[in-house]
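The values are calculated or read from the model by the stated rules, or taken from the named source; none is laboratory data. These numbers come from a predicted model, not from an experiment. Here Cβ is always computed from backbone atoms with ideal geometry, including for glycine, and neighbour counts include all displayed protein chains.
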Amino acid sequence: MAVEALGSTPRVRVVPWNDPVVRGWVFQIVVVGLVGALAWYLVSNTMDNLARQKIASGFDYLGREAGFEIGDTMIEYSPASTYARAIWVGILNTLRVAVLGIILSTILGTFLGIGRLSPNWLLSKICEWYVEGFRNVPLLLWLFLFYKLISEAFPGPRQAISTLWGSVFLSNRGLYFPVPMADPIHKWMAVALLVGILGAIMQHRWAKKRQEATGQPFPSISAGIGVALGMPIAVWLAAGAPSSMSWPALKGFNFEGGTVIQPEFTALLVGLVLYTSAFVAEIVRSGILALHKGQSEAAAALGLSRGQAMRLVLLPQALRVIVPPMTSQFLNITKNSSLAIAIGYPDLVASINVTINQTGQAIENVLLIMAAYLTVSLSISAFMNWYNKRISLRER
Amino acid sequence: MFNKLTAAGIAAATLIGAAGAAHAGKELDAIKARGALICGVGTGTAGFNLADSQGKWRGLNVDVCRAVAAAIFGDAEKVKYVPLTAQQRFTALQSGEVDLLSNNTTWTLTRDTALGFDFTGVTYYDGQGFMVNKKLGVKSAKELNGATVCVAPGTTTELNLADYFRANKMQFKPVVIEKADEIRAAFFAGRCDVYTTDASALAAVRVANVPAPQKAEDYIVLPEIISKEPLGPVVRHGDNQFGDIVTWSLFAMLEAEEYGIDSKNVDQMLKSDNPTIKRILGVTPGMGKALGLDEKWVYNIIKQVGNYGESFDRNIGKDSILKIDRGVNKLWTKGGLQYAPPIR
């Protein structure tokens, strides 16, 4: 122990209550004991209260029939499904909007951030107004605005706006469009797509190595897209190109067939993306401005175009500054998606809230919400930390 | 260090102390000590619970709170109102944020047991209905296959809706928004084909909430009533004395109507020779003592709040804008379901 290492000077014998080491240990044990006792007290007190008020506890309810319908589900769900399934539907809906929101706001935000640095006065001013406008109004108001716009501005299903020879319908029930009929080949097309993406990545690495060795560039991006998309198309053609489609058609009150992007989802996604991209833009801008001016001058001196300079010289270095605050923005999107409750998108919080109300078991359900958000958020953090380490400056 | 520890110790002791006091189990003592009843009401349904232009809460549910306050304190004004959404209400009652929930809550087995509540009576026998735009040309709920339905979350309505469509082998898409204002706005904007909730609330919304330039006549309530919704006040399971007071405050309003006692004639009724009326109004003592209340508890309720019929007519019946028919909510003597056990 550290105390032993100091052994060169003989220790003075002191009474235990004056010995800093003993005292330190005693205090630590007392603090841990108190925290433990407090935790035990709170838990046992809660359990006791629940039992005394005859409020049910435990997680048994998860296996019971939920009995309520959900308007927007990615997996098979009916009121006869269990509460666990209803909550899972909510988790998937949250993930869907969070993942799409993260991708879209990163892309839009990057363009806005670069645009704000543009020498073009009009472009940079538009980007500036956009950023100041969106980030200075609370997200909840944007959500209400977009939801009201969609439900008030678009006509009812019977007067739906129809385009593309009557195959796409836009109304206040959402955007209906045709999709291919379910076919067993789709599973294999997905596998082919994965293989194609993997191939594209390997091809990109090979091209990079070759360029470093010989200086010969290879159009690895367009080739990569070709490989990634070509694989599933080849599988589809090999299976005889099954092309029966499910077309949306007005039947009774609503459209049937095809698939739909619902107004609640659209309003939430648009709101999250437009709002968060304003913050992303500022992060990107600050990342680029953090670079020394010499970098862009050197890139220009090498004869790189503005686009090439941005893509090959500036952005890779700016990423070191950009990535850590971006993690917070990604976490914000995920957590802000819970504002869905205000406009009726059935996300995790919505599912759990209904469950709380029908079962009365608030504590268990709130623990479930916290566990779900914690899992998602920690996964995002872990991934971003890994990525941050990968791109960080390695000093040689 | 020592200071921190002391502080932590004090904090822990305070927590234990505070928790201990809250567990005394005597809701009634706590209410009396506080000097006011805390009543959970809805966020705004005309006739049942709605704050008027002066911020004064009015409605049938509000009158139940006022009656309980009149019974306990002799003053119907000693109530603090907490507006709660359908989703907040049960947690608020379970956690002790409110003493009493009078919020159009449907009496069900699960709520009476697993949620740890006691229902104390039925203020309004209701049932779930559907409202649609006339333009759809729908005449019956059986024609609603494939409809998009606006519904509030965390209600029996949401479950009945799913049950009804399943039982009739029909499909629907729900649009679920928590705030009553928002869900109505979505319905009136045409986001949904159908709005469903208790028939009484549909009537109230149709009269009071249709946004201009649309008119109440543009909407119809379909004839089907798909469920039983006995709406009543709710208390926490545990303090039976307080539960009894809430129960009998409502019964007193019904008994008073049955025996013709109202807010205008209650003072003359004090001189009545009828032994039942003498017992109800505390002229013959005993009833108040049994409940742990002042003997004039019924007198105070009727004088300040009125009997059940007066409250009904004033808030949702013939003297209100809603003009809801008494229907099954007539007294049992007139062929309805409202039947109070005798005060004796």
query = Within the set of pairs 6+ apart or on separate chains, which have a first residue in the range B:166-188 that is at negative phi and within 8 Å of another protein chain (Cβ to nearest Cβ), a second that is charged (D, E, K, R) and in a strand (DSSP E or B), and C-beta atoms under 8 Å apart?
reply = none
message = Quick test for you: out of B:Val68, B:Val82, pick the one residue that is in contact with a Gly (Cβ under 8 Å, 6 or more places away or on another chain) and either in the same structural domain as B:Glu310 (by TED's automatic domain parsing) or in a helix (DSSP H, G or I) (or both).
response = B:Val82
request  = Report, by residue number, each residue of the range B:73-88 that is modelled with pLDDT of 90 or more and either under 19 Å from A:Ser57 (Cα atoms) or within 14 Å of another protein chain (Cβ to nearest Cβ) (or both).
outcome  = B:Leu84
Residues of the range B:113-124 that turn out to be over 11 Å from A:Gly360 (Cα atoms) and at pLDDT below 90, as a count = 0
remark   = Checked A:Ser162, A:Ser105, A:Ser151, A:Ser171 against criteria (surrounded by fewer than 17 Cβ atoms within 10 Å (Cβ to Cβ) and among the hydroxyl-bearing types (Ser, Thr, Tyr)); the one match is A:Ser162
query = If you take the residues of the range B:47-72 that are under 17 Å from B:Ala180 (Cα atoms) and aliphatic (A, V, I, L, M), which of them is surrounded by the most Cβ atoms within 10 Å (Cβ to Cβ)?
reply = B:Leu50
Cross-chain or 6+ apart pairs with Cβ under 6 Å, the range B:101-113 first and closer than 19 Å to A:Ala56 by Cβ, then part of a helix (DSSP H, G or I) = B:Leu101/B:Arg89; B:Leu101/B:Leu93; B:Thr106/B:Thr156
task = Give the range B:305-320 a look and list any residue that's surrounded by fewer than 18 Cβ atoms within 10 Å (Cβ to Cβ) and over 17 Å from the mean Cα position of the chain (by Cα), or say none.
result = B:Lys318, B:Asp319
inquiry  = Residues that are closer than 24 Å to A:Leu141 by Cα, surrounded by 14 or more Cβ atoms within 10 Å (Cβ to Cβ), in contact (Cβ under 8 Å) with a residue 24 or more places away in the chain and within 14 Å of chain B (Cβ to nearest Cβ): does the range A:317-339 have at least one?
reply    = yes
ask   = A:Ile288: within 14 Å of chain B (Cβ to nearest Cβ) and at pLDDT 90 or above, yes or no?
value = no
query = When B:Arg111 is evaluated against the numbered criteria (1) more than 8 Å from chain A (Cβ to nearest Cβ); (2) closer than 24 Å to A:Ile70 by Cβ; (3) among the basic types (Lys, Arg), which criterion, by number, is the only one it fails?
reply = (1)
task = Could you list all residues from the range B:141-165 that are away from chain A (no Cβ under 11 Å) and modelled with pLDDT under 90?
result = none
ask   = Which strands (runs of 3 or more DSSP E) sit wholly inside the range A:128-215 and have at least 1 residues that are in contact with a helix residue (DSSP H, G or I) (Cβ under 6 Å, 6 or more places away or on another chain) and closer than 30 Å to B:Pro213 by Cα?
value = A:168-171, A:174-177
ask   = If A:Phe218 passes every condition in (1) outside any helix (DSSP H, G or I); (2) touching a helix residue (DSSP H, G or I) at 6+ places or on another chain (Cβ under 6 Å); (3) within 14 Å of chain B (Cβ to nearest Cβ) but one, which one does it miss?
value = (3)
query = How many residues are in contact with an Asp or Glu (Cβ under 9 Å, 6 or more places away or on another chain), crowded, with 21+ Cβ neighbours inside 10 Å and hydroxyl-bearing (Ser, Thr, Tyr) when one looks only at the range B:73-105?
reply = 1
query = Which pairs have Cβ atoms under 7 Å, sit 6 or more apart or on different chains, and link a residue in the range A:140-159 that is modelled with pLDDT under 90 to one that is among the hydroxyl-bearing types (Ser, Thr, Tyr)?
reply = A:Ile150/A:Thr266; A:Phe154/A:Ser171; A:Pro155/A:Ser171; A:Gly156/A:Ser171; A:Pro157/A:Ser171
query = Just for strands (runs of 3 or more DSSP E) wholly inside the range A:232-282: which have at least 2 residues that are without any contact (Cβ under 8 Å) to a residue 12 or more places away in the chain?
reply = A:249-251
Test set (1) surrounded by 23 or more Cβ atoms within 10 Å (Cβ to Cβ); (2) β-branched (Val, Ile, Thr); (3) more than 8 Å from chain A (Cβ to nearest Cβ) - B:Val138 fails condition number = (1)
ask   = Given the residues A:Ile114, A:Ile70, A:Ile87, which is the only one that is assigned to a loop (DSSP other than H, G, I, E, B) and either surrounded by 17 or more Cβ atoms within 10 Å (Cβ to Cβ) or touching a residue at least 60 places away in the same chain (Cβ under 8 Å) (or both)?
value = A:Ile70
inquiry  = Is it the case, given these coordinates, that A:Phe27 is at pLDDT 85 or above, over 30 Å from A:Ile288 (Cβ atoms) and assigned to a helix (DSSP H, G or I)?
reply    = yes
Residues of the range A:47-82 classified as under 35 Å from the mean Cα position of the chain (by Cα) and either within 30 Å of B:Met170 (Cα to Cα) or more than 10 Å from chain B (Cβ to nearest Cβ) (or both), total = 25
request  = Within the range B:189-211, count every residue that is over 18 Å from A:Gly67 (Cα atoms) and within 14 Å of chain A (Cβ to nearest Cβ).
outcome  = 8
request  = Please specify each residue of the range B:51-65 satisfying the condition of being hydrophobic (A, V, I, L, M, F, W, C) and under 12 Å from the mean Cα position of the chain (by Cα).
outcome  = B:Leu60, B:Val62, B:Val64, B:Cys65
request  = Answer yes or no as to whether A:Ile356 is touching a residue at least 40 places away in the same chain (Cβ under 8 Å) and not in a loop (DSSP other than H, G, I, E, B).
outcome  = no
